[in-house]
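One structure is given below, encoded as structure tokens.
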Amino acid sequence: MKKQQGERTLKIRKEKEVWKLQQQFGRLIDKLDRLPDTNEVQRNLSRSAPQGVAEMVF
């Protein structure tokens, strides 16, 4: 008996709006998947929260 090896492929619909959303979603996933570089980490310094956002501790 011969084993069958199947492949799965993603079928992309060519309707303009659906195709555009799929492209944007793919770019978002790529952006979220990568690690931040040194310059980004240095720019995103921790800051205290604005007083209106922070709740009273006492």
**Study point:** Spacing of the two label points (7 Å from each Cα toward its C-beta) at Glu15 and Gln51, in nm
**Key:** 5.2 nm
Review point. If you plug each phi of the stretch 19-36 into the Karplus form 6.51 cos²θ - 1.76 cosθ + 1.60 with θ = phi - 60°, what whole-Hz ³J(HN,Hα) values come out, in order, with x for Gly and Pro?
Key: 4, 5, 5, 5, 5, 5, 5, x, 5, 4, 4, 4, 5, 6, 7, 7, 7, x
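Bear in mind these aren't lab numbers, they're just calculated from the coordinates by the rules spelled out. The structure presented is a predicted model; accordingly, all values stated were derived computationally and were not measured. Heads up, the Cβs are rebuilt from the backbone with ideal geometry, glycines too, and the neighbour counts pull from every protein chain shown.
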